[in-house]
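Notes follow the structure.
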Amino acid sequence: NFLAYYGFDQTVDLGGLATPNLPDGLHHYATHAADFDASVDPTWGTNPTDERSHCIIGALNYLASRGVNSVYALTYNIDGGDGMDVWPWTAPDERERFDCSKLDQWERVLNHMNTKGIMFHWVTQEVENDRIFGFETFPGVVMNDVRRLYYRELIARFGHLPAMVINLGEENFNLHEDLDAMSDYIRALDAYDHPISLHTAWMYVDKYTALVNDDHTDVFTIDVTSYQGMARFYNNWTIDLRGMSTELGHPWVVAGDEQAPSVVPNQTENHMLARKNALWGNLVGGGGGVEWYFGYSTDWGDVNTEDYARVEEFWDTSTLAVDFFHAYLPFWRMSPANDLIAAGVGVRVFAVEGEIYCIQLSDGGSDVAIDLVPNAATYIISWFNPRDVTNTNLELTNSSQVAGGMAVPLGSPPINTTDDWVVLIERVDS
(Lines give C-alpha, C1' and ligand atoms only; values in the text may rest on other atoms or scores of the structure.)
Protein backbone atom coordinates (compact mmCIF):
# COMPACT_ATOMS: atom_id res chain seq x y z
CA ASN A 1 0.00 0.00 0.00
CA PHE A 2 2.74 2.46 -0.98
CA LEU A 3 0.06 4.98 -2.05
CA ALA A 4 -1.67 4.94 1.36
CA TYR A 5 0.02 8.25 2.13
CA TYR A 6 -1.26 10.97 4.41
CA GLY A 7 -0.33 13.72 1.94
CA PHE A 8 -2.80 12.62 -0.74
CA ASP A 9 -6.24 14.20 -0.81
CA GLN A 10 -9.19 12.14 0.48
CA THR A 11 -6.95 9.38 1.82
CA VAL A 12 -7.90 7.77 5.12
CA ASP A 13 -7.52 4.36 6.74
CA LEU A 14 -10.75 2.35 6.72
CA GLY A 15 -9.46 -0.47 8.90
CA GLY A 16 -7.64 -3.49 7.57
CA LEU A 17 -4.60 -4.92 9.32
CA ALA A 18 -3.52 -3.29 12.56
CA THR A 19 -0.72 -0.73 12.19
CA PRO A 20 0.09 0.43 15.74
CA ASN A 21 3.15 2.38 14.58
CA LEU A 22 0.97 4.53 12.28
CA PRO A 23 -1.23 6.82 14.43
CA ASP A 24 -3.65 7.58 11.58
CA GLY A 25 -3.14 4.23 9.81
CA LEU A 26 -1.37 5.93 6.89
CA HIS A 27 2.22 6.19 5.71
CA HIS A 28 4.12 9.37 6.52
CA TYR A 29 7.65 8.26 5.53
CA ALA A 30 8.88 10.99 7.88
CA THR A 31 12.47 9.74 8.02
CA HIS A 32 12.74 10.36 4.28
CA ALA A 33 11.95 14.08 4.49
CA ALA A 34 15.70 14.62 4.48
CA ASP A 35 15.92 12.89 1.09
CA PHE A 36 13.66 15.47 -0.58
CA ASP A 37 15.41 17.95 -2.89
CA ALA A 38 13.46 21.22 -2.83
CA SER A 39 15.33 22.55 -5.87
CA VAL A 40 14.00 19.94 -8.32
CA ASP A 41 11.45 17.61 -6.71
CA PRO A 42 7.69 17.85 -7.38
CA THR A 43 5.15 19.29 -4.96
CA TRP A 44 1.41 19.89 -4.98
CA GLY A 45 -0.99 22.36 -3.47
CA THR A 46 -1.26 26.12 -3.98
CA ASN A 47 0.73 27.07 -0.88
CA PRO A 48 4.46 27.29 -1.68
CA THR A 49 5.23 26.04 1.84
CA ASP A 50 3.05 22.92 1.37
CA GLU A 51 5.31 20.00 2.27
CA ARG A 52 2.86 17.14 1.75
CA SER A 53 4.86 15.69 -1.14
CA HIS A 54 8.23 15.79 0.58
CA CYS A 55 8.32 12.49 2.42
CA ILE A 56 6.94 10.16 -0.27
CA ILE A 57 9.12 11.81 -2.92
CA GLY A 58 12.05 11.59 -0.52
CA ALA A 59 11.36 7.88 -0.02
CA LEU A 60 11.62 7.35 -3.78
CA ASN A 61 14.82 9.40 -3.90
CA TYR A 62 16.32 7.20 -1.20
CA LEU A 63 15.30 3.96 -2.92
CA ALA A 64 16.71 5.18 -6.23
CA SER A 65 19.98 6.13 -4.52
CA ARG A 66 20.37 2.49 -3.41
CA GLY A 67 19.71 1.14 -6.89
CA VAL A 68 16.10 0.02 -6.38
CA ASN A 69 14.39 -0.09 -9.78
CA SER A 70 10.85 -1.35 -9.08
CA VAL A 71 8.04 -0.56 -6.64
CA TYR A 72 4.92 -2.77 -6.31
CA ALA A 73 1.82 -0.76 -5.42
CA LEU A 74 -1.95 -1.26 -5.34
CA THR A 75 -4.40 1.36 -6.61
CA TYR A 76 -7.45 -0.42 -5.12
CA ASN A 77 -7.24 -2.26 -1.80
CA ILE A 78 -10.62 -1.62 -0.18
CA ASP A 79 -13.61 -3.99 -0.15
CA GLY A 80 -11.77 -6.44 2.08
CA GLY A 81 -8.12 -5.74 1.28
CA ASP A 82 -5.24 -5.87 3.76
CA GLY A 83 -4.63 -2.13 3.94
CA MET A 84 -8.10 -0.71 3.26
CA ASP A 85 -6.63 2.68 2.45
CA VAL A 86 -6.11 3.12 -1.31
CA TRP A 87 -8.79 3.92 -3.91
CA PRO A 88 -9.00 6.30 -6.91
CA TRP A 89 -12.62 7.43 -6.53
CA THR A 90 -14.14 10.45 -4.78
CA ALA A 91 -15.32 8.24 -1.89
CA PRO A 92 -14.78 4.65 -0.75
CA ASP A 93 -18.30 3.67 -1.83
CA GLU A 94 -18.17 5.50 -5.18
CA ARG A 95 -17.25 3.64 -8.39
CA GLU A 96 -18.08 6.07 -11.22
CA ARG A 97 -16.58 9.41 -10.16
CA PHE A 98 -12.80 9.63 -9.90
CA ASP A 99 -10.92 11.94 -7.56
CA CYS A 100 -9.08 14.16 -10.03
CA SER A 101 -7.05 15.93 -7.36
CA LYS A 102 -5.82 12.70 -5.76
CA LEU A 103 -5.05 11.13 -9.14
CA ASP A 104 -3.06 14.19 -10.15
CA GLN A 105 -1.00 13.78 -6.98
CA TRP A 106 -0.52 10.09 -7.71
CA GLU A 107 0.62 10.96 -11.22
CA ARG A 108 3.28 13.36 -9.93
CA VAL A 109 4.63 10.66 -7.63
CA LEU A 110 4.56 7.96 -10.32
CA ASN A 111 6.16 10.22 -12.90
CA HIS A 112 8.90 11.05 -10.41
CA MET A 113 9.29 7.33 -9.74
CA ASN A 114 10.01 6.74 -13.44
CA THR A 115 12.27 9.78 -13.62
CA LYS A 116 14.41 8.24 -10.88
CA GLY A 117 14.70 4.96 -12.80
CA ILE A 118 12.08 3.05 -10.82
CA MET A 119 9.42 0.98 -12.57
CA PHE A 120 5.82 1.25 -11.36
CA HIS A 121 4.47 -2.27 -10.82
CA TRP A 122 0.79 -1.37 -10.90
CA VAL A 123 -1.28 -3.97 -9.04
CA THR A 124 -4.88 -3.38 -10.09
CA GLN A 125 -6.71 -5.42 -7.41
CA GLU A 126 -6.14 -8.01 -4.67
CA VAL A 127 -7.61 -11.36 -3.75
CA GLU A 128 -10.19 -9.97 -1.35
CA ASN A 129 -11.86 -7.86 -4.04
CA ASP A 130 -10.95 -9.46 -7.38
CA ARG A 131 -14.25 -11.37 -7.72
CA ILE A 132 -16.61 -8.72 -6.35
CA PHE A 133 -15.29 -5.62 -8.12
CA GLY A 134 -18.20 -3.86 -9.77
CA PHE A 135 -21.11 -5.91 -8.46
CA GLU A 136 -22.76 -6.67 -5.14
CA THR A 137 -22.98 -10.44 -5.20
CA PHE A 138 -20.64 -13.31 -6.03
CA PRO A 139 -20.35 -14.65 -8.64
CA GLY A 140 -20.95 -11.85 -11.08
CA VAL A 141 -19.81 -10.56 -14.46
CA VAL A 142 -16.14 -9.73 -13.95
CA MET A 143 -15.79 -7.53 -17.04
CA ASN A 144 -18.53 -5.14 -15.98
CA ASP A 145 -18.83 -1.40 -16.60
CA VAL A 146 -17.19 -0.47 -13.27
CA ARG A 147 -14.08 -2.49 -14.05
CA ARG A 148 -13.93 -1.18 -17.62
CA LEU A 149 -14.19 2.41 -16.40
CA TYR A 150 -11.45 1.78 -13.79
CA TYR A 151 -9.05 0.45 -16.42
CA ARG A 152 -9.88 3.23 -18.88
CA GLU A 153 -9.41 6.05 -16.36
CA LEU A 154 -6.15 4.81 -14.88
CA ILE A 155 -4.60 3.85 -18.21
CA ALA A 156 -5.57 7.27 -19.57
CA ARG A 157 -3.80 8.92 -16.64
CA PHE A 158 -0.77 6.66 -16.16
CA GLY A 159 -0.38 4.88 -19.50
CA HIS A 160 2.25 7.43 -20.58
CA LEU A 161 4.70 6.09 -17.99
CA PRO A 162 7.54 4.40 -19.89
CA ALA A 163 8.38 1.96 -17.08
CA MET A 164 5.22 0.23 -15.90
CA VAL A 165 3.98 -3.34 -15.55
CA ILE A 166 0.22 -3.86 -15.21
CA ASN A 167 -0.60 -6.67 -12.77
CA LEU A 168 -4.03 -8.28 -13.17
CA GLY A 169 -4.26 -9.00 -9.46
CA GLU A 170 -2.57 -9.94 -6.19
CA GLU A 171 -2.98 -13.59 -5.10
CA ASN A 172 -5.40 -13.81 -7.98
CA PHE A 173 -8.25 -16.31 -8.23
CA ASN A 174 -10.14 -14.96 -11.23
CA LEU A 175 -11.14 -17.59 -13.78
CA HIS A 176 -8.92 -18.02 -16.81
CA GLU A 177 -11.55 -16.70 -19.19
CA ASP A 178 -11.91 -13.58 -17.03
CA LEU A 179 -8.14 -13.05 -16.98
CA ASP A 180 -8.13 -13.33 -20.77
CA ALA A 181 -10.90 -10.73 -20.98
CA MET A 182 -9.07 -8.35 -18.62
CA SER A 183 -5.82 -8.74 -20.52
CA ASP A 184 -7.48 -8.23 -23.91
CA TYR A 185 -9.32 -5.13 -22.71
CA ILE A 186 -6.17 -3.59 -21.24
CA ARG A 187 -4.14 -4.32 -24.36
CA ALA A 188 -6.81 -2.66 -26.51
CA LEU A 189 -6.66 0.49 -24.35
CA ASP A 190 -2.92 0.71 -23.73
CA ALA A 191 -1.28 2.55 -26.60
CA TYR A 192 2.22 1.73 -25.33
CA ASP A 193 1.80 -2.02 -24.83
CA HIS A 194 3.03 -2.24 -21.24
CA PRO A 195 3.78 -5.79 -20.08
CA ILE A 196 0.98 -7.54 -18.19
CA SER A 197 1.63 -9.61 -15.09
CA LEU A 198 -0.28 -11.84 -12.67
CA HIS A 199 0.46 -12.55 -9.00
CA THR A 200 -0.16 -15.99 -7.50
CA ALA A 201 -1.47 -17.20 -4.19
CA TRP A 202 0.89 -18.85 -1.70
CA MET A 203 2.94 -21.59 -3.43
CA TYR A 204 0.38 -21.70 -6.25
CA VAL A 205 2.84 -21.45 -9.11
CA ASP A 206 0.71 -24.04 -10.94
CA LYS A 207 -1.58 -21.07 -11.64
CA TYR A 208 0.74 -20.29 -14.55
CA THR A 209 0.83 -23.79 -15.99
CA ALA A 210 -2.96 -24.09 -15.57
CA LEU A 211 -3.34 -20.77 -17.38
CA VAL A 212 -1.85 -22.35 -20.50
CA ASN A 213 -4.79 -24.33 -21.84
CA ASP A 214 -4.83 -27.14 -24.39
CA ASP A 215 -4.37 -24.90 -27.41
CA HIS A 216 -1.74 -22.81 -25.59
CA THR A 217 -3.31 -19.47 -26.51
CA ASP A 218 -3.41 -18.34 -22.88
CA VAL A 219 0.36 -18.11 -22.73
CA PHE A 220 -0.23 -14.69 -24.34
CA THR A 221 -2.50 -13.52 -21.48
CA ILE A 222 0.54 -12.31 -19.51
CA ASP A 223 4.12 -11.28 -20.23
CA VAL A 224 5.57 -11.33 -16.70
CA THR A 225 5.16 -13.68 -13.75
CA SER A 226 4.72 -12.43 -10.19
CA TYR A 227 5.02 -15.53 -8.05
CA GLN A 228 4.80 -16.00 -4.27
CA GLY A 229 6.30 -18.74 -2.13
CA MET A 230 9.33 -20.18 -0.40
CA ALA A 231 12.55 -18.59 -1.59
CA ARG A 232 14.28 -21.95 -1.87
CA PHE A 233 12.03 -22.82 -4.84
CA TYR A 234 12.73 -19.65 -6.82
CA ASN A 235 15.45 -21.18 -8.99
CA ASN A 236 13.41 -24.22 -10.02
CA TRP A 237 10.26 -22.19 -10.62
CA THR A 238 12.15 -19.69 -12.75
CA ILE A 239 13.73 -22.40 -14.89
CA ASP A 240 10.42 -24.24 -15.37
CA LEU A 241 8.31 -21.18 -16.23
CA ARG A 242 10.96 -19.72 -18.51
CA GLY A 243 11.25 -23.02 -20.33
CA MET A 244 7.50 -23.59 -20.66
CA SER A 245 6.68 -20.12 -21.98
CA THR A 246 9.63 -20.13 -24.37
CA GLU A 247 8.62 -23.51 -25.77
CA LEU A 248 5.11 -22.16 -26.40
CA GLY A 249 6.41 -19.18 -28.33
CA HIS A 250 5.89 -16.35 -25.82
CA PRO A 251 8.84 -16.18 -23.36
CA TRP A 252 7.76 -14.65 -20.08
CA VAL A 253 9.90 -12.42 -17.90
CA VAL A 254 9.95 -14.65 -14.83
CA ALA A 255 9.97 -12.63 -11.61
CA GLY A 256 9.07 -13.19 -7.97
CA ASP A 257 7.77 -10.63 -5.50
CA GLU A 258 6.58 -12.29 -2.31
CA GLN A 259 9.25 -14.53 -0.87
CA ALA A 260 9.32 -16.46 2.37
CA PRO A 261 10.86 -15.84 4.74
CA SER A 262 9.81 -12.21 4.43
CA VAL A 263 12.33 -9.41 4.92
CA VAL A 264 13.20 -8.70 8.55
CA PRO A 265 15.50 -5.79 9.47
CA ASN A 266 18.87 -6.53 11.06
CA GLN A 267 18.71 -10.31 10.86
CA THR A 268 21.76 -11.77 9.14
CA GLU A 269 20.31 -15.21 8.48
CA ASN A 270 17.10 -13.74 7.04
CA HIS A 271 19.12 -11.61 4.64
CA MET A 272 21.37 -14.54 3.72
CA LEU A 273 18.49 -16.87 2.83
CA ALA A 274 16.73 -14.22 0.75
CA ARG A 275 19.90 -13.19 -1.04
CA LYS A 276 21.11 -16.61 -2.09
CA ASN A 277 17.74 -18.32 -2.71
CA ALA A 278 15.38 -15.62 -3.94
CA LEU A 279 17.67 -13.03 -5.53
CA TRP A 280 20.46 -15.14 -6.99
CA GLY A 281 18.21 -18.18 -7.39
CA ASN A 282 15.95 -16.19 -9.70
CA LEU A 283 18.73 -14.43 -11.61
CA VAL A 284 20.85 -17.50 -12.39
CA GLY A 285 17.64 -19.30 -13.38
CA GLY A 286 17.27 -16.73 -16.15
CA GLY A 287 14.71 -14.64 -14.30
CA GLY A 288 13.93 -10.94 -14.38
CA GLY A 289 14.61 -10.35 -10.69
CA VAL A 290 12.71 -9.97 -7.43
CA GLU A 291 10.80 -7.41 -5.42
CA TRP A 292 11.28 -7.74 -1.67
CA TYR A 293 8.24 -8.57 0.47
CA PHE A 294 8.21 -7.25 4.06
CA GLY A 295 5.62 -9.48 5.79
CA TYR A 296 3.84 -8.19 8.92
CA SER A 297 4.95 -7.08 12.38
CA THR A 298 4.00 -4.30 14.79
CA ASP A 299 6.42 -1.72 13.41
CA TRP A 300 7.55 -3.22 10.12
CA GLY A 301 5.78 -4.93 7.28
CA ASP A 302 3.88 -4.87 4.06
CA VAL A 303 1.40 -2.19 5.18
CA ASN A 304 3.29 -0.19 7.80
CA THR A 305 6.92 0.27 6.76
CA GLU A 306 8.04 3.86 7.17
CA ASP A 307 11.84 3.82 6.87
CA TYR A 308 13.26 1.93 3.90
CA ALA A 309 16.81 2.41 5.18
CA ARG A 310 16.15 -0.21 7.85
CA VAL A 311 16.88 -2.91 5.26
CA GLU A 312 19.60 -1.16 3.31
CA GLU A 313 21.57 -4.40 3.06
CA PHE A 314 18.80 -5.82 0.84
CA TRP A 315 18.98 -2.88 -1.56
CA ASP A 316 22.77 -2.95 -1.68
CA THR A 317 23.21 -6.68 -2.30
CA SER A 318 20.46 -6.58 -4.94
CA THR A 319 22.19 -3.71 -6.71
CA LEU A 320 25.51 -5.56 -6.47
CA ALA A 321 23.96 -8.59 -8.19
CA VAL A 322 22.40 -6.52 -10.98
CA ASP A 323 25.65 -4.61 -11.52
CA PHE A 324 27.57 -7.89 -11.75
CA PHE A 325 25.18 -9.18 -14.42
CA HIS A 326 25.53 -6.00 -16.48
CA ALA A 327 29.31 -5.86 -16.10
CA TYR A 328 30.21 -9.46 -16.90
CA LEU A 329 27.37 -11.45 -18.43
CA PRO A 330 25.63 -11.46 -21.83
CA PHE A 331 22.60 -12.55 -19.79
CA TRP A 332 20.16 -12.04 -22.68
CA ARG A 333 21.89 -14.97 -24.46
CA MET A 334 22.40 -17.20 -21.43
CA SER A 335 20.33 -20.13 -20.20
CA PRO A 336 20.08 -22.08 -16.93
CA ALA A 337 22.31 -25.17 -17.04
CA ASN A 338 22.30 -26.77 -13.59
CA ASP A 339 22.84 -30.20 -15.15
CA LEU A 340 26.43 -29.22 -15.98
CA ILE A 341 27.48 -29.66 -12.37
CA ALA A 342 29.49 -32.86 -12.25
CA ALA A 343 29.96 -32.74 -8.46
CA GLY A 344 28.69 -30.65 -5.56
CA VAL A 345 25.33 -29.64 -4.06
CA GLY A 346 23.51 -26.31 -3.79
CA VAL A 347 25.03 -25.22 -7.09
CA ARG A 348 23.25 -23.32 -9.88
CA VAL A 349 24.58 -22.56 -13.35
CA PHE A 350 23.73 -19.90 -15.94
CA ALA A 351 25.65 -20.22 -19.18
CA VAL A 352 26.33 -19.93 -22.85
CA GLU A 353 27.96 -23.33 -23.08
CA GLY A 354 31.50 -23.26 -24.40
CA GLU A 355 31.70 -19.48 -23.90
CA ILE A 356 30.78 -18.22 -20.43
CA TYR A 357 29.45 -19.71 -17.21
CA CYS A 358 28.10 -18.03 -14.07
CA ILE A 359 28.02 -20.52 -11.19
CA GLN A 360 26.36 -19.79 -7.87
CA LEU A 361 27.65 -21.79 -4.93
CA SER A 362 24.82 -21.17 -2.48
CA ASP A 363 26.68 -22.88 0.37
CA GLY A 364 30.28 -22.52 -0.74
CA GLY A 365 32.21 -25.78 -0.86
CA SER A 366 35.45 -27.14 -2.29
CA ASP A 367 34.15 -30.26 -4.02
CA VAL A 368 32.38 -28.62 -6.95
CA ALA A 369 33.20 -29.51 -10.55
CA ILE A 370 31.61 -28.43 -13.82
CA ASP A 371 31.31 -30.51 -16.96
CA LEU A 372 33.35 -28.90 -19.74
CA VAL A 373 33.89 -32.20 -21.57
CA PRO A 374 32.33 -31.11 -24.89
CA ASN A 375 34.14 -27.75 -24.81
CA ALA A 376 37.89 -28.28 -25.08
CA ALA A 377 39.09 -24.70 -24.85
CA THR A 378 41.08 -22.62 -22.40
CA TYR A 379 39.11 -20.78 -19.70
CA ILE A 380 39.72 -18.27 -16.93
CA ILE A 381 38.05 -19.07 -13.60
CA SER A 382 37.45 -16.09 -11.27
CA TRP A 383 35.62 -15.62 -7.98
CA PHE A 384 33.09 -12.96 -6.98
CA ASN A 385 31.72 -12.28 -3.49
CA PRO A 386 27.96 -11.50 -3.71
CA ARG A 387 27.98 -10.41 -0.06
CA ASP A 388 30.63 -7.67 -0.29
CA VAL A 389 28.68 -4.47 -1.02
CA THR A 390 31.87 -2.44 -0.58
CA ASN A 391 33.17 -3.95 -3.84
CA THR A 392 31.61 -1.25 -5.98
CA ASN A 393 34.25 -1.78 -8.67
CA LEU A 394 33.02 -5.38 -9.02
CA GLU A 395 36.54 -6.75 -8.73
CA LEU A 396 37.07 -10.47 -9.32
CA THR A 397 39.56 -12.45 -7.24
CA ASN A 398 41.69 -15.61 -7.40
CA SER A 399 41.66 -15.88 -11.17
CA SER A 400 43.28 -18.95 -12.70
CA GLN A 401 43.51 -20.62 -16.10
CA VAL A 402 42.12 -24.09 -16.79
CA ALA A 403 41.67 -26.40 -19.76
CA GLY A 404 38.24 -27.64 -20.83
CA GLY A 405 37.43 -31.00 -22.33
CA MET A 406 36.90 -32.55 -18.89
CA ALA A 407 35.06 -32.13 -15.60
CA VAL A 408 36.87 -29.14 -14.15
CA PRO A 409 37.07 -28.66 -10.35
CA LEU A 410 36.41 -25.08 -9.31
CA GLY A 411 38.64 -25.18 -6.26
CA SER A 412 37.89 -23.54 -2.93
CA PRO A 413 36.44 -20.08 -2.28
CA PRO A 414 39.10 -17.53 -1.35
CA ILE A 415 37.72 -17.07 2.20
CA ASN A 416 34.60 -17.96 4.19
CA THR A 417 34.36 -21.25 2.35
CA THR A 418 30.86 -22.16 3.57
CA ASP A 419 29.26 -18.85 2.51
CA ASP A 420 27.68 -18.20 -0.86
CA TRP A 421 30.02 -17.36 -3.74
CA VAL A 422 29.79 -16.78 -7.47
CA VAL A 423 32.26 -18.25 -9.95
CA LEU A 424 32.76 -16.74 -13.40
CA ILE A 425 34.25 -18.95 -16.13
CA GLU A 426 35.14 -17.27 -19.41
CA ARG A 427 36.63 -18.81 -22.53
CA VAL A 428 39.99 -17.40 -23.61
CA ASP A 429 39.84 -16.78 -27.35
CA SER A 430 43.03 -17.77 -29.18
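Given Val368, Ser53, Gly346, which one lies farthest toward the positive end of the charge dipole of the chain, if we put +1 on the Cβ of every Lys and Arg and -1 on the Cβ of every Asp and Glu?
With unit charges placed on the Cβ atoms, the residue in question is Val368.
Eigenvalues of the Cα gyration tensor times 5, then square-rooted: what semi-axes does that give for segment 56-124, in whole angstrom, largest first? Please list the in-between numbers first.
Numbers: eigenvalues 125, 37, 16 Å².
In descending order the semi-axes read 25, 14, 9 Å.
How much of the accessible area of the chain, probe 1.4 Å, is carbon plus sulfur, in whole percent? Don't skip to the answer; put the middle values down first.
Values: 9040 of 17740 Å².
The nonpolar share, carbon plus sulfur, comes to 51 percent.
With label points built 7 Å along Cα→Cβ from the Cα atoms of Ile415 and Arg333, find their separation and express it in nm.
3.5
Which peptide among 268-277, 31-40 comes first, and what is the full order, when sorted by highest mean count of other Cβ atoms within 10 Å?
268-277, 31-40
Across 5 Å bins from the origin, how do the percents of Cα pairs in segment 84-125 run, short distances first?
Histogramming segment 84-125 at 5 Å steps yields 6, 20, 23, 25, 16, 7, 3 percent.
Would you please put 242-250, 83-91, 44-52 in order of how densely packed they are, using the mean number of other Cβ atoms within 10 angstrom per residue and starting with the highest? Each step should come with its number before you reach the end.
Values: 242-250: 15.8, 83-91: 21.3, 44-52: 11.0.
Highest-to-lowest ranking by the protection proxy: 83-91, 242-250, 44-52.
Can you give the accessible area per residue of segment 257-311, in Å², using a 1.4 Å probe?
I get 33 Å² per residue for this part.
If I fit a long axis through the Cα atoms of helix 312-328 and take the longest principal axis of the Cα atoms of the chain, what angle between them do I get, 0 to 90°, rounded to 10?
Here the helix axis deviates by roughly 50 degrees.
Mind checking the angle between helix 54-65 and the chain's longest principal axis? C-alpha axes, 0 to 90 degrees, to the nearest 10.
Roughly 10 degrees, rounded to the nearest 10.
Specify the angular offset, from 0 to 90 degrees and rounded to the nearest 10, of the alpha carbon long axis of helix 234-247 from the longest principal axis of the alpha carbons in the chain.
Here the helix axis deviates by roughly 90 degrees.
Could you work out how far the C-alpha centroid of segment 252-273 sits from that of segment 293-365, in angstrom?
10
State whether segment 87-225 is rounded, prolate or oblate according to the following rule on the C-alpha gyration tensor (a ≥ b ≥ c being the square roots of its eigenvalues): a/c under 1.5 gives rounded; otherwise a/b larger than b/c gives prolate, and the remaining case gives oblate. Let's see the in-between values first.
On the way: a/c = 1.84, a/b = 1.25, b/c = 1.47.
It comes out oblate by the Cα gyration axes.
Compute the FRET efficiency between Asp24 and Ala201 as 1/(1 + (r/R0)^6), taking r as their Cβ-Cβ distance and R0 = 25 Å, and round to the nearest 0.05.
On the way: r = 31 Å, r/R0 = 1.23.
For Asp24 and Ala201, the calculated efficiency is 0.25.
Starting from the Cα-Cα distance between Arg97 and Arg148, subtract it from 0.36 nm times their residue separation and give me the gain in nm to one decimal.
17.0 nm
In terms of the ratio Rg/(2.2 N^0.38 Å) built on C-alpha atoms, what value belongs to the chain?
1.04
Just check segment 1-129 against the gyration tensor rule for me: Cα atoms, a ≥ b ≥ c as the square roots of the eigenvalues, rounded for a/c under 1.5, and otherwise prolate or oblate depending on whether a/b exceeds b/c. Display every interim value, and only then the final one.
Working: a/c = 1.56, a/b = 1.43, b/c = 1.09.
Verdict is prolate for segment 1-129.
Would you rank Lys116, Lys102 by solvent-accessible area, highest first, keeping every protein chain in place and using a 1.4 Å probe? Can you show the working numbers first?
On the way: Lys116 85, Lys102 0 Å².
The most accessible residue leads, giving Lys116, Lys102.
Quick one: among Gly344, Gly288, Gly67, which has the greatest mean-square fluctuation in a GNM of the chain with alpha-carbon springs under 10 angstrom?
Gly344
Calculate, in nm to one decimal, what Ala403 and Thr378 gain on full extension: separation in residues at 0.36 nm each, minus their alpha carbon distance.
On the way: separation 25, 0.36 × 25 = 9.00 nm, distance 0.47 nm.
Additional length available on full extension: 8.5 nm.
Using square roots of five times the C-alpha gyration tensor eigenvalues, list the equivalent-ellipsoid semi-axes of segment 292-430 in whole Å, biggest first. Intermediate results must be reported in sequence, preceding the final value.
Values: eigenvalues 213, 46, 41 Å².
So the three semi-axes of segment 292-430 are 33, 15, 14 Å.
Which of His28, His326, His121 ends up with the largest GNM mean-square fluctuation for the chain, with Cα atoms connected below 10 Å?
In this elastic network of the chain, the residue with the biggest mean-square fluctuation among His28, His326, His121 is His326.
Would you mind computing, in nm to one decimal, how far apart the modelled labels at Asp184 and Ala210 are, each placed 7 Å from Cα along Cα→Cβ?
2.2
Counting only protein chains, not ligands or nucleic acids, how are Asp388, Asp41, Asp93 ordered by accessible area (probe 1.4 Å), most first? Provide the component values of the computation, followed by the final result.
Values: Asp388 55, Asp41 20, Asp93 135 Å².
Solvent-accessible surface, decreasing: Asp93, Asp388, Asp41.
Would you list which aspartates and glutamates come within 18 Å of Lys276, measuring only between C-alpha atoms, while excluding same-chain residues fewer than 8 positions from it?
The qualifying aspartates and glutamates are Asp257, Glu258, Glu291, Glu312, Glu313, Asp316, Asp323, Asp363, Asp388, Asp419, Asp420.
What nm distance separates the two modelled labels at Ala343 and Ala163, each placed 7 Å from Cα along Cα→Cβ?
4.5
The values are calculated or read from the model by the stated rules, or taken from the named source; none is laboratory data. It should be emphasised that the depicted structure is a prediction, and the values quoted were computed from it without experimental measurement. For neighbour counting, all protein chains shown are included, and Cβ atoms are generated from backbone atoms with ideal geometry for every residue, glycine included. Note: areas computed on protein heavy atoms with side chains; ligands, DNA, RNA excluded. Shrake-Rupley method; radii C 1.70, N 1.55, O 1.52, S 1.80 Å.
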